[in-house]
Amino acid sequence: MTVQTIATTPIADQKPGTSGLRKKTRVFMQPAYLQNYVQAIFDGIGGVAGKTLVIGGDGRYYNDSAIGIILRMAAANGVARCIVGQHGLLSTPAASHLIRKRCADGGLILSASHNPGGVDADFGLKYNGPNGGPATEAVTAQIFARTLDIASYRILGAEPGSLADLGESRLGEMAVEIVDPVADYAMLMEELFDFDAISGLFNGGFRMCFDAMHAVTGPYAREILEHRLGAPAGTVINGIPSPDFGGGHPDPNPVWAKTLMDIMHGPNAPDFGAASDGDGDRNMIVGAHCYVSPSDSLALLTDLAHLAPGYSGGLAGVARSMPTSSAADRVAEAKGIAHFETPTGWKFFGNLLDAGKVTICGEESAGTGSDHVREKDGLWAVLLWLNILAATGKSVAQLMAEHWERYGRNYYSRHDYESVDITVANALIDNLRTRLKRLPGQVFAGVTISGADEFSYDDPVDGSISTGQGIRIYFEGGGRAVFRLSGTGTEGATLRVYLERLETDPVALAQDPQVALASIIAAADTVAEIANRTGRTTPDVIT
Ligand code: VG1
Ligand code: CO
């Protein structure tokens, strides 16, 4: 079998964002586009000869063809073994677990996560290192640098075998091992959680609805919830992965998971609802008539994780991304454990987890996870919630009410303005940046600014510094607004405005967040001149 060395030229737009490289599917399908990027990953990490890689994706359009190309390139670059999920499927947390369990040198995960799939939608690829976590900024910088001076890529002149057949085969000199994508992950979940107690819940008539959103979590949720835990068939809805996610937007939030929200707020609502995203690393938690914001979920899990066997010894600490509400910080302070604030994106949690400084991490974008893998993990969060519900015998609404009574409630919302002209979006952020020093003391929409800065992160483990991670504006009375541009979109710019206010008055804990945050929302819109600059008077998505 011949190794072909194909001459190529650099492609300018292959800079990885918050979570790998994401582009329109048709961009990835252009001649040499995927090949250049894969070769740049292989070269950027110092070569792959003799290494073992884990490969899998969320099943979106082009997943299997791309895996075929990656396998041929891996073989041509001297990779010793590729461990591939059957049918090319691996959820992001399952891929992270496989890398760790099999002591692989890293992995390639094909996903654009919560972005829609299809030939006219989005595709993505990211590299995870030997700890199972997303490549650090230093590594992605090396990969990007290589995309800019690449001159050739190597590929084997032979097609790999079927991704459907479990077991081992050869592609040139390389071993290709097709594995069950669910088995190892399900075993890990059984080690962490009290499956007997959760089964007991279901046996007692507890009802749940899990919306897999036609994405990768379907097979995992069915195996774990319906088969191993005995939840009735039909507990998992939209459970068969489809290349375009059933034409939907696999982002588990109240807007895109509206079907589930309607069920959970309808008559005869189940006790517990949950949803996951395209690649299975996000989670949405909702009780009967009770939506739990991701920031609150992180705080509650930090408070009560010890009720699950895998965390019975307590937590070393908790980390949250900067735009996530500070609810988890107060729990950490009450428990006397460390808490950390990192930039947006799971890659910033890796060092803290590896160093044993934190056990649980979370992001406002519906990502929660722990040191069991090095990615956020949707189903893990759902199982931890189930374990807590089983251990306490309380409802979601009851747990949240008690949590807010004890710690106060951080009213929270994120307003997204999508497909904004990139120049306009950059100018909006630049304008805020240049005014930061002058803002304290100024009044916008009746609210006084008490402080303003731009977040930069000094990694306490490796000393690396990440600047420009979001504009923060603090208001008198304890409110906060954060402004940043998304690093996962594929069309124009997405402006994210994160809004938060702590309420401790016991009689004011049950408001609609948009109402509770009205003054902060108005002040944030005014100070950033959103309407004037973008021409938008309302956000495209409010979560
Ligand atoms: C978004 C979220 C961020 C998350 C990232 C990847 O990034 O805000 O919290 O880590 O997506 O999640 P951005 O740059 O668009 O705000 V996933 O589930 O899409 O891999
Ligand atoms: Co995701």
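Which of the residues spanning the stretch 207-241 are out of contact with any Phe, Trp or Tyr (no Cβ under 9 Å at 6 or more places or on another chain) and either assigned to a loop (DSSP other than H, G, I, E, B) or not assigned by TED's automatic domain parsing to the domain that holds ASN387 (or both)? Those that are out of contact with any Phe, Trp or Tyr (no Cβ under 9 Å at 6 or more places or on another chain) and either assigned to a loop (DSSP other than H, G, I, E, B) or not assigned by TED's automatic domain parsing to the domain that holds ASN387 (or both): VAL216, ALA233, GLY234, ILE240, PRO241.
Selection over the stretch 239-254 of residues that are open to solvent by less than 60 Å² (accessible area, probe 1.4 Å) and either within 16 Å of ligand 2 (Cβ to nearest atom) or among the acidic types (Asp, Glu) (or both) gives a count of 8. Please determine, by comparing only the residues of the stretch 336-354 that are in a loop (DSSP other than H, G, I, E, B) and over 20 Å from GLY487 (Cβ atoms), which one is nearest to ligand 2 (Cβ to nearest atom). So, considering only residues that are in a loop (DSSP other than H, G, I, E, B) and over 20 Å from GLY487 (Cβ atoms), the one nearest to ligand 2 (Cβ to nearest atom) is ILE337. The set of residues in the stretch 440-481 that are more than 27 Å from the chain's Cα centre (by Cα), small (Gly, Ala, Ser) and part of a loop (DSSP other than H, G, I, E, B) comprises GLY441, ALA445, GLY446, GLY477, GLY478. I'd like the residue in the stretch 90-128 that is more than 16 Å from ligand 1 (Cβ to nearest atom) and not in a helix (DSSP H, G or I) and, out of all such residues, is farthest from PRO243 (Cα to Cα). My answer is CYS103. Against the numbered list (1) outside any helix (DSSP H, G or I); (2) buried (at least 24 other Cβ atoms within 10 Å of the Cβ), ARG72 comes up short only at (1). Looking at LYS51, LYS15, just one residue is surrounded by fewer than 22 Cβ atoms within 10 Å (Cβ to Cβ), in contact (Cβ under 8 Å) with a residue 40 or more places away in the chain and within 16 Å of ligand 1 (Cβ to nearest atom), and that residue is LYS15.
The set of residues in the stretch 271-320 being aliphatic (A, V, I, L, M), without any contact (Cβ under 8 Å) to a residue 60 or more places away in the chain and crowded, with 24+ Cβ neighbours inside 10 Å consists of VAL318, ALA319. Only a single criterion out of (1) assigned by TED's automatic domain parsing to the domain that holds ARG536; (2) touching a residue at least 60 places away in the same chain (Cβ under 8 Å) is not satisfied by ALA390, namely (1).
Scanning the stretch 114-154 for residues that are open to solvent by 20 Å² or more (accessible area, probe 1.4 Å), farther than 23 Å from GLY369 by Cβ and within 16 Å of ligand 2 (Cβ to nearest atom) turns up just one, PRO116. Among the candidates ALA445, ALA516, ALA510, the residue that is exposed (fewer than 14 other Cβ atoms within 10 Å of the Cβ) and over 27 Å from PHE349 (Cα atoms) is uniquely ALA510.
The values are calculated or read from the model by the stated rules, or taken from the named source; none is laboratory data. Everything numeric in this text was worked out from a predicted model, so none of it was measured. We place every Cβ from the backbone using ideal geometry, glycine too, and count neighbours over all the protein chains shown. Ligands, DNA and RNA are stripped out before the accessible areas are found, and what is left, the full protein with its side chains, is counted by its heavy atoms. Shrake-Rupley method; radii C 1.70, N 1.55, O 1.52, S 1.80 Å.
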